Amino acid sequence: MQSKKLFFACDYNGIELKDCLLEYAKSLKVEIKDFGIETGSPLDYIDVTKLLVNELQNDEEALGVIVCGSGQGVAISANRSNKIRAAMCRTEEDAISIRSKLNANVLCLGSKTSTLDEAITCLKAFLETPFNDDKHGQCVSKLTPHLTSHRFDGVNMIARAIITHKDHILLTTVTESNKDFASDLYFLPGGHVEYKESAIDALKRELKEEMDVTISSLEFAGALECTWDRKGKVYHELDLVYKVELPNLDSENPPIAVDHAFHQFVWRPLSEIKNYNVLPQQLIPLIIEATKTEGASSLFFSEMMGPST
């Protein structure tokens with residue numbers, strides 16, 4: 001058994017099948033939660049999916065099962081949520097595949113497409129099949145959605161790292177396979193801070209995901225609020241920047257990016273930072289000031305495109 005917690009939900013088309021699966025699950029050594037619904041409930045498949053995934057996002061040890069008429073509607077709805085990988089299954093082979101290859105955490109079933117026996121077979125395989133992390137882990141990491149990424153209707157909070165070694169600074173740039181940015185652009189390592197995540201935790205997560213490293217120590221260097229043009233739209237960003245120390249740095253060999261097909265890490269002379277097209281450009285003064293001396297005081301910069309609204 002790969003999980004000791006199992007959460008259930010359904011829309012009005014899935015009530016009977018869901019209740020039967022609940023009875024089957026009671027024979028298993030798992031903690032069960034039922035998020036409904038009952039006959040006569042006004043909730044639709046989108047509403048009940050939100051109830052389920054909200055709980056799953058707060059409990060990474062749990063798996064979910066959700067039933068609607070086809071299984072497709074709840075799958076699409078569930079996959080809009082962060083940290084959710086949902087898939088509709090009809091056969092045992094489907095369930096084995098979504099767990100072993102995709103590390104799915106929500107099983108979606110259709111009351112109009114599966115019998116009870118078929119649904120139980122899928123559920124059993126879903127619970128018993130381990131994820132093959134060695135073979136599929138790198139691909140699955142690319143599936144992780146970031147709901148805060150590149151928002152144009154609000155402020156993007158970014159945690160970034162200043163990593164230096166022997167008068168060089170570590171920057172990330174894209175490969176030819178990445179069509180989102182020009183090849184002459186550079187960024188500080190880091191990424192978006194997710195909902196209910198601290199900036200420090202976000203930075204630790206991002207560096208682990210990007211280069212599979214663990215931070216030795218870090219010190220807050222400064223903050224930057226800025227807007228800049230991204231593909232013809234005004235992009236509003238709040239950067240929280242930290243001076244970060246990593247173990248075993250080698251100025252001749254930068255860390256290898258986990259997602260090496262799309263971006264790569266490079267060492268560049270710190271003294272030449274003004275010559276590089278670092279995005280956002282407003283970070284350059286902060287980088288220069290933060291790396292002048294050890295223990296430099298925290299800095300704050302704000303540079304907006306036009307008047308604030």
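Each reported figure results from applying straightforward, stated rules to the coordinates on display, with no laboratory input. Predicted model only: the values in this text are computed from it and were never measured. We place every Cβ from the backbone using ideal geometry, glycine too, and count neighbours over all the protein chains shown.
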Self-check item: Kirkwood hydrodynamic radius over Cα pairs of region 151-303, then Stokes diffusion coefficient at 20 °C and 1.002 mPa s, in µm²/s
Solution: 136
Exercise. May I ask you to sort 157, 211, 88 by Cβ crowding, counting other Cβ atoms within 10 Å and putting the fewest first?
Key: 157, 211, 88
Exercise. State the extension gain, in nm to one decimal, for the chain segment bounded by residue 31 and residue 184, taking 0.36 nm per residue of separation less the distance between their alpha-carbons.
Key: 49.9 nm
Quiz item: How far is helix 116-128 tilted off the main Cα axis of the chain, in degrees rounded to 10, range 0 to 90?
Solution: 40
Exercise. Among the GluC sites (Glu not before Pro) in region 2-53, which ones are in a DSSP loop with at most 14 other Cβ atoms within 10 Å of the Cβ? Mind listing them?
Key: 38
Exercise. Using DSSP, restrict attention to beta bridges with both residues in the chain and report what percent are antiparallel, rounded to the nearest 5.
Key: 45
Quiz prompt | Among [x] 1.27; [y] 1.08; [z] 1.20, the entry derived from the coordinates for Cα Rg over 2.2 N^0.38 Å | solution = [z]
Quiz item: What is the sum of charges around residue 98, taking Lys and Arg as +1, Asp and Glu as -1, for the other residues whose C-beta is under 12 Å from the C-beta of residue 98?
Solution: +1
Practice problem: Could you list the square roots of 5 times each eigenvalue of the Cα gyration tensor of region 5-142, that is, the equivalent ellipsoid semi-axes, sorted largest first and rounded to whole Å? | Solution: 22, 16, 14
Exercise. Could you give me the percent of Cα pairs per 5 Å distance bin for region 191-251, shortest bin first, beginning at zero and ending with the bin that holds the maximum distance?
Key: 4, 15, 21, 23, 17, 12, 7, 2, 0
Practice problem: Specify the inter-centroid distance of region 213-278 and region 59-104, based on alpha-carbon positions, in whole Å. | Solution: 35
Exercise. Starting from the exponent 0.38 and prefactor 2.2 Å, build the expected Rg for region 7-66 from its residue count and divide its actual Cα Rg by it.
Key: 1.08
Quiz item: Quick one: net charge of residue 63's neighbours, Cβ under 13 Å, K/R +1, D/E -1?
Solution: +1
Quiz item: Once both axes come from the Cα atoms, what is the angle between helix 199-211 and the longest principal axis of the chain, in degrees from 0 to 90, rounded to 10?
Solution: 90
Quiz item: So which lysines can residue 83 reach, going by Cα to Cα under 24 Å and dropping same-chain residues fewer than 8 places off?
Solution: 4, 5, 18, 33, 50, 101, 124, 135, 142, 196, 204, 208
Quiz item: So what's the angle, to the nearest 10 degrees on a 0 to 90 scale, between helix 45-57 and the longest Cα principal axis of the chain?
Solution: 60
Practice problem: Give, as a single signed number, the net charge of other residues whose beta carbon lies under 10 Å from the beta carbon of residue 255, with Lys and Arg counted +1 and Asp and Glu -1. | Solution: -3
